[in-house]
1. What value, in deg cm²/dmol to 500, does the helix sum -39500 (n - 2.57) over DSSP H runs of n ≥ 4 give at 222 nm once divided by the residues of chain A?
2. Quick one: Karplus J couplings for the range A:76-90, per residue in order, coefficients 6.51, -1.76, 1.60, θ = phi - 60°, nearest Hz, x for Gly and Pro?
3. With +1 on each Lys and Arg Cβ and -1 on each Asp and Glu Cβ, how big is the dipole of the range A:1-99 about its Cα centre, in debye rounded to the nearest 20?
4. Taking the alpha-carbon distance from A:Lys136 and a cut-off under 23 Å, which lysines remain once sequence neighbours fewer than 8 residues away in the same chain are dropped?
5. Show me, for the range B:446-451, the HN-Hα J-couplings you get by feeding each phi into the Karplus relation (A = 6.51, B = -1.76, C = 1.60, θ = phi - 60°), rounded to Hz, glycine and proline as x.
6. Along the positive direction of the dipole of chain B (beta-carbon charges: Lys, Arg +1; Asp, Glu -1; about the Cα centre), which of B:Thr249, B:Leu137, B:Tyr71 reaches farthest?
7. Please compute the net charge surrounding A:Trp97, taking Lys and Arg as +1 and Asp and Glu as -1 over other residues with Cβ under 14 Å from its Cβ.
8. Can you give the FRET efficiency to the nearest 0.05 for A:Glu173 and B:Glu104, using r as the Cβ-Cβ distance and R₀ = 51 Å?
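The values are calculated or read from the model by the stated rules, or taken from the named source; none is laboratory data. Predicted, not measured: the structure shown is a model, and the values here were computed from it. So basically every Cβ, Gly included, is an ideal-geometry build from the backbone, and we count neighbours across all protein chains shown. Heavy atoms of the whole protein, side chains included, go into the accessibility calculation; ligands, DNA and RNA do not. Shrake-Rupley method; radii C 1.70, N 1.55, O 1.52, S 1.80 Å.
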Protein chains: 2
Amino acid sequence: MADNKKMVDSITAMDVDFAKWYTDVVKKAELCDYSSVRGCMILRPYGYAIWENIQKYLDAKFKETGHENVYMPMLIPEGLLQKEKDHVEGFAPEVAWVTHGGSEKLQERLCVRPTSETLFCEHYANIINSYRDLPKLYNQWCSVMRWEKTTRPFLRTSEFLWQEGHTMHETAEEAIEETERMLNVYADFCEKILAIPVVKGKKTDKEKFAGAEATYTIEAMMHDGKSLQSGTSHYFGDGFAHAFDIKYTDRNNKLQYPHQTSWGVTTRLIGAIIMTHGDDNGLVLPPYIAPVQVVVIPVQQQKEGVVEKATEVCNRLKANFKTSIDTSDHMPGWKFAEYEMKGVPLRLELGPKDIEKNQCVLVRRDTREKVFVSLDELETKITEILADIQENLFKRALENRENRTYTAVTLDEIKEIADKHNGFIKTMWCGDVECEEKLKEVAGVSSRCMPFAQEKVSEVCPVCGKPAKAMVIWGKAY
Amino acid sequence: MADNKKMVDSITAMDVDFAKWYTDVVKKAELCDYSSVRGCMILRPYGYAIWENIQKYLDAKFKETGHENVYMPMLIPEGLLQKEKDHVEGFAPEVAWVTHGGSEKLQERLCVRPTSETLFCEHYANIINSYRDLPKLYNQWCSVMRWEKTTRPFLRTSEFLWQEGHTMHETAEEAIEETERMLNVYADFCEKILAIPVVKGKKTDKEKFAGAEATYTIEAMMHDGKSLQSGTSHYFGDGFAHAFDIKYTDRNNKLQYPHQTSWGVTTRLIGAIIMTHGDDNGLVLPPYIAPVQVVVIPVQQQKEGVVEKATEVCNRLKANFKTSIDTSDHMPGWKFAEYEMKGVPLRLELGPKDIEKNQCVLVRRDTREKVFVSLDELETKITEILADIQENLFKRALENRENRTYTAVTLDEIKEIADKHNGFIKTMWCGDVECEEKLKEVAGVSSRCMPFAQEKVSEVCPVCGKPAKAMVIWGKAY
């Protein structure tokens, strides 16, 4: 196991430096690589395969809920971006501008899309005429660009991959229902597939999307206690519809403005997986999202029949599990460490003695527990263990969140907790942005959301002492 | 059928103006829409669904042949684009330049990727060290941008969707084998799935990709006799490897430069489908690629039980075919025309009398032939008809190509044919670019390719009279 130790030494321990641990893992697990393009990353095959699994699941859910995919241009003329006042104020400072086509200077600058509300609205103005044209339920898979000052792989990059849903509805009620439906799709996906518990809630006005009436969010807690906003869903009312002159004839033959939503998740979810489940040996992937669920490692593979038998087992398992085999000439110990680093949920070891006994060794990535299993009952056993890993990862993450969730009633309490710990801090709030800013200034925490599941932890706002309007979760965020 | 006629009147007849017919079809079949972004189009749900089917088939083939997907940045620093001389000369005149991030002027301009050889090479230089790292077989699905002067939906747009494969190999032989393998994947896809016959061949030096040693192509003939380059595969030798300093230690512990390929197809394939199979009633989709294979239209749907029965039939068919139903309050005639316009391969009509007789009417889109079919044998019959449509579309397209393929021995013959007809003109060629340019000037045709299946149509080059080196197919191209 010497090789194994050496490999593990090559990443920083979480407790020593969590940020460094994170960048070591994304690099060593070959999820991504840096490029010479400022703030942009390269998604390597293993990282991209996780994104493909995310896409596959969510795309099916979007279609089940009636959405259709489209593709809009990647550039937005400056005049179009400026049509909605709040929106342009929010995004103009962080867009990349195209000013030349070939050697010719353009008459109007175009920005690389930071998000596509304006393009969808321009199109909707052309194709929506009657209530019969509603709802319009469109989604787009693409990359967007936001010129970030400081970047971190997956969490904050100048370019990132995402999906953006953009929908139009006859009524405000229908549109709000849509934002809730899609937030639930995201929450279910995070909890059931990624094994990441999330808090569903509403953003404060300060934290909402530029141009939205309301932003809903799912907030996850990372292993270090910091928050990660993992998916958002926005209700726009008819603000953009007015700005873009989108009108439809209603059932009573009257002209009306439709009500709009948008919602999105990004490759940031891969960052959430890493920071929720990873450990000092590297990545830990939930079985439902893992590109490889079982890796077969032949032991003493130079002995006759070992590689053949291991290949036979691998091929047999492929019918039920995402399985791969490593018959390269590296030592088994090196391979063990390699696939631990890559977070493969289950390792299957098979050597000459195992073959004699018609058995193999299964080693779980999450607990590193080792069991001997008869080859006759392999499928049953693997199914059981993978289900147990999936459940255990969720449980561990939930425990971490519960252990790091605090309740505070006074400003001093908040400050004391925030000084000592990362984590969620629940407090009441009066609803004023001044108190929100004060908390940031004094305790270094920002509002994560007003959870849908409200509790009453006190009567008044801990900052100003006025009557409280809602419970807020505060935290330090990525 | 009055409604039907009216609908058909709304598109220009092919014989009257093929270009106008084409743009009418893409618009009326709701494949795409124009945007306010110069030269960029919006892919609408129906058009995007065809692209998703193309992706699904090809992505599976790429993976079967050992390729992995990755994602590279969408921007390329000017210095990186300039590393390979021929490549930058080919692309620099037609790229969009990003010069500002937010309000800050960038120190180095970045172009929106027109193709990603340079980015892949930069990454390969980092990750390729030994022969053990080879081959690298990567692919990327993304959009690219080329600042075109004149644009046409799907055929030539400033931004388009595509896939770009980029591979690195130990030897020239292996790399050339890869270019042939992928050209064959494209050719099989076009012929078997899109029902488009293609000619496989090599491009002349004049027509090859900027920076490539050799470009291989599949050329399809459209209904009007013009050519469409439908997919290409490039062999680069080790030119980029030298320019980007990509080296590996070979099996004898010597440093070597790897050999490279790239290959791609684009949303242009949707243009090929339209112009190969379409007719005066609109789009005609091959069953294997159609987003909807069977559309169920209830007749006299206000009568009791009709919508229920039609819905039951639709749901039953969904198990085996991509089926949809239209129960909107439009007249049946309007619906017939609508789904003919959209090229749905098979229409199923069901009215009260049919229900009484336990039958329905099936109408093929390609021949408009109508048959009565018992509901008991529906699946068998639909399977048969769809297979027959697929085959018939390929046969019709092949006949069109054969009817419009000419052979010429003298320059006068070439000129005479090209003046009278669109089509493929087969001639011998000496290999000199001067003769190629002369043909363009005199007869208005460009070289499409030197087919792999060579024939000897004469002894000498029809332009200069020197001994011929190869047979070339010439034509007018989109």
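1. -10500 deg cm²/dmol
2. My calculation for the range A:76-90 gives 10, x, 3, x, 6, 4, 7, 5, 10, 4, 5, 4, 5, 4, x Hz in order.
3. 260 debye
4. A:Lys56, A:Lys61, A:Lys63, A:Lys83, A:Lys247, A:Lys254, B:Lys27, B:Lys28, B:Lys322, B:Lys335, B:Lys342
5. 3J(HN,Hα) across the range B:446-451, in whole Hz: 10, 6, 8, 5, 9, x.
6. Going by the Cα projections, it comes out as B:Tyr71.
7. Neighbour charge sum, excluding A:Trp97 itself: +2.
8. 0.70
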